[in-house]
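Notes follow the structure.
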Amino acid sequence: MTEPVAGTSPETRGRFGPYGGRYVPETLMTALEELERVYDAAKLDPAFWTEFEALQRDYVGRPTPLTETARLSAAVGGGVRVVLKREDLNHTGAHKINNTLGQVLLARRMNKRRIIAETGAGQHGVATATVCACFGLECVVYMGEEDMRRQRLNVYRMELMGARVVPVASGTRTLKDATNEALRDWVTNVTTTHYIIGSVVGPDPFPRLVRDFQSVIGREARTQMLERYGRLPRTVVACVGGGSNAMGIFTAFLGDAGVELVGVEAAGEGLETGRHAASLSCGRPGVFHGSYSYLLQDAGGQVQPAHSVSAGLDYPGVGPEHAYLKDQNRVLYEAVTDRQALDAFAALSRLEGILPALESAHAVAWVLAHAGRWDAGDVVLINLSGRGDKDVAMVAELSGAEL
Amino acid sequence: MSDPIAERWRAVRAERRAALIAFFTAGYPTPAGFLEAVRRAAAAGADVIEIGVPFSDPLADGPTIQRSTQAALEQGITPARVLALVREAALPVPVVLMTYLNPVLAYHGGAARFGADAAAAGAAGILLTDAPAGADPGVEAAIATSPLTLIRLVAPTTSDVRLADAVRGAGGFIYLISRLGVTGVRADAPPDLETQVRRVRAVTLLPIAVGFGIGTPEQARAAARCADGVVVGSALVDTLGTGGPAAVEALVRELAGAVRAGGRVA
């Protein structure tokens, strides 16, 4: 049974405390109402979840395993046991497909046969292209030119699966601008098109439905922890860009008061340089891409460009539920630099034979930087949200290696 | 207190024609060029001047307004500077500000203070592109208590239930988005425009202005046949960029002629 449990969510009327909402052009409001209606009905329909679970099992390969690391744990020291939730082992190599599968089933219920998406690192684009190929739907993915350069491999993967990748040359040419362009497409084609937003961001109902589709991560991990260790982890750590993998693993643990939850943002070149993507650590609330949440903005309310070595975290906003959890002090939000993430990427590769996505490497880096925080025998659970194959060329370029 | 927008519309209706609403991005191409353009546009027959307050991520706008917004921001145009420009322009016609919510929220003192300062600078109304009816009762209340009139947008996709909500609490005029999509000039005429206008007219006594994709005098004339007002934005911004304020004046004159020739009997 993987249905989200009714009544455990903080949202009322599409808000998490003051955060969230539906700040979109009027043209989109009816589509959001329809999506909400269709999702609310699907949520109560066991047949919907039966199909979702079957696809998760037979197409994605769920459940994903927990991997206890020996050498990484030793590197952290103090007898801590570092355990990875292996979302990198999903089909397409990241957690993103949990959400795209759920949303494509909703699109089918709405009779929408054209799908659009934005992508940063390309993982969400690939996951969207994948489900569109699987369900025979037209797929258009918006991607910043800068990200297309950083993630050429993923662009080609999307094209191989029949998607059209549209380069976005406006603004910072990254995820923020790809999202603007996807929203412009949606305003134009809203009657025929479903927009599969890739994270727990955007106007209601996206933050809650993306969370619900991703929450399988935490439910599995919690059960696996109890089965294997007979107890819950001391700390759960996940990287936060928009925040979908983090909500995915945190949600099942929100009610477990003894479990510390840590979201790790991208500090880029350092929080003090201003070149980072740490919306929760350094931003202040504002309205962006359809919802009210923490945002990197200047004094006049202009959105400031984010920076991270990891394209998937390179986003000035963050999901509204994270904003709420920050204010509630239920989740601790911290940030690690590009350098720390690259070191963690190298460490996990060498110590465990696992190449993490640069996004996920931020979570690993935070754990490596906090040796001494735990008692011997404590389990620290890291959501390894994606694999790092897509980042190999980028890492090689940064380290001066010729491929 | 008299409402300058309502007053203007009474005058327009008395002439049995549609109104011309001319949009410009504040500070584009330069603050001086902008001031000259809006003054000439008002003198050449624009009934209302709509001024875009630049926002870094204008997701309801097409390439023309995106570019002008970017250019304005690069020159350091902030909401406070926009208000200073409105004051300096001292236009003889009503000014309506069009923007996204975040710069208004970020304004020192928030939406209520922005409303008060904008009105003091000479603005009469405000359109918030990403704050549809009901999305933020706090902001709506703040604008309602300010002297600014809150102008509501409705779209072809707006349901009848939403339409009723949108016109409740609206003032000035209803801005009917004539087609799905972002701002920008299109070659074709908006489909079903008459039907759309009729649908809105059934639920409100406010004047109905149509915009999005209207750029030529021919398109303006066609729209003026069924609507009470016609909004032209990207075409004017493009013209300002390429031909300067003199070219803007010429286009406004043509458009003003077109909305008068629309032949609508109020």
Subject >> Anisotropy class of region B:77-119 from Cα gyration tensor, a/c 1.5 cut >> reply: prolate
Subject >> Peptides ranked, highest mean first, by Cβ atoms within 10 Å: ranges A:374-380, B:94-100, A:104-110 >> reply: B:94-100, A:104-110, A:374-380
**OP:** In nm, give the distance between the simple-model label positions of B:GLU218 and A:LEU332, each being 7 Å from the Cα along the Cα-to-Cβ direction.
**Re:** 6.8
**OP:** Could I have the simple spin-label model distance between B:GLN70 and A:LEU160, label points 7 Å from Cα toward Cβ, reported in nm to one decimal?
**Re:** 3.3
Subject >> Within region A:137-178: backbone nitrogen closer than 14 Å to the A:VAL392 label point (7 Å, Cα to C-beta) >> reply: A:152-154
Subject >> Residues in region A:116-136 reached by a label modelled at A:ARG149 [backbone nitrogen below 16 Å; 7 Å Cα→Cβ] >> reply: A:121
Original post:
Between region B:91-109 and region B:209-252, what is the C-alpha centre distance in whole Å?
Top reply: 22
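Please give the length that would be gained between B:ARG13 and B:ALA189 if that part of the chain were fully extended, namely 0.36 nm times their separation in residues minus their C-alpha to C-alpha distance (nm, one decimal). Mind dumping the intermediate values first?
Working: separation 176, 0.36 × 176 = 63.36 nm, distance 2.42 nm.
Taking 0.36 nm per residue and subtracting the Cα distance, the gain is 60.9 nm.
What ranking do A:308-317, B:25-34 get when scored by the average of other Cβ atoms within 10 Å per residue, highest first? Please report the intermediate quantities before stating the final value.
Numbers: A:308-317: 29.4, B:25-34: 22.1.
Highest to lowest by the protection proxy: A:308-317, B:25-34.
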Original post:
Taking the mean number of other Cβ atoms within 10 Å as a proxy for protection, how do you rank A:192-203, A:25-36 from highest to lowest?
Top reply: A:192-203, A:25-36
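Counting only other chains, and only Cβ atoms inside 10 Å, what mean value do you get across the residues of B:100-111?
What the average comes to for B:100-111 is 5.
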Subject >> Average beta-carbon neighbours from other chains, 10 Å sphere, peptide B:130-137 >> reply: 6
**OP:** Leaving out ligands and nucleic acids, note down the accessible area per residue over region B:4-260 with a 1.4 angstrom probe, in whole Å².
**Re:** 34
**OP:** In a Gaussian network model over chain B where Cα atoms closer than 10 Å are linked, find which of B:LEU83, B:LEU127, B:LEU205 has the largest mean-square fluctuation.
**Re:** B:LEU205
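Return a whole-number percent for the relative contact order of chain A, with Cα pairs under 8 Å and 6 or more residues apart as the contact set. List each step's numbers first, then the result.
On the way: 889 pairs, mean separation 81.7, N = 403.
Value for chain A: 20 percent.
For chain B, what are the DSSP H helices with axial Cα length of 20 Å or more and mean Kyte-Doolittle hydropathy of at least 0.5? Write down the numbers at each step before the final one.
Working: long enough: B:234-261 (27 Å, 0.70).
Membrane-span-like by this rule: B:234-261.
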Original post:
On average, how many beta carbons from a partner chain sit within 10 Å of the beta carbon of a residue in B:46-58?
Top reply: 3
Subject >> region A:334-403 versus region A:248-322: alpha-carbon centroid distance in Å >> reply: 19
Original post:
Under 5 Å between amide H atoms, partner at least 5 residues away or on a different chain: which partners does A:GLU265 have, H built in plane at 1.01 Å?
Top reply: A:VAL240, A:GLU334, A:ALA335, A:VAL336
**OP:** Compute the separation of the alpha-carbon centres of region B:46-74 and region A:61-105 and state it in Å as a whole number.
**Re:** 44
Original post:
Nearest 0.05, what FRET efficiency do A:GLU227 and A:TYR59 give at R0 = 25 Å with Cβ-Cβ as r?
Top reply: 0.55
Subject >> Two-site label geometry, A:ASP40 and A:ARG108: point separation in nm, points 7 Å out along Cα→Cβ >> reply: 2.4
Subject >> Residue with peak Gaussian network fluctuation, chain B [Cα springs, cutoff 10 Å], from B:PRO191, B:PRO217, B:PRO54 >> reply: B:PRO191
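For A:LYS326, A:LYS96, A:LYS112, give me the order by solvent-accessible area with a 1.4 Å probe, most accessible first, ignoring ligands, DNA and RNA.
Correct descending sequence by accessible area is A:LYS326, A:LYS96, A:LYS112.
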Original post:
If you build a Gaussian network model of chain A, linking Cα atoms that sit under 10 Å apart, which residue out of A:LEU101, A:LEU55, A:LEU261 swings the most?
Top reply: A:LEU55
Original post:
Based on DSSP, what percent of beta bridges with both residues in the protein assembly as shown are antiparallel, to the nearest 5?
Top reply: 20
Original post:
Do any cysteines in the protein assembly as shown lack another Cys Cβ under 4.7 Å, and if so which?
Top reply: A:CYS134, A:CYS239, A:CYS282, B:CYS226
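The values are calculated or read from the model by the stated rules, or taken from the named source; none is laboratory data. As the structure is a prediction and not an experimental result, all values here were calculated from the model. Heads up, the Cβs are rebuilt from the backbone with ideal geometry, glycines too, and the neighbour counts pull from every protein chain shown. Keep in mind that these areas ignore ligands, DNA and RNA; they rest on the heavy atoms of the full protein, side chains included. Shrake-Rupley method; radii C 1.70, N 1.55, O 1.52, S 1.80 Å.
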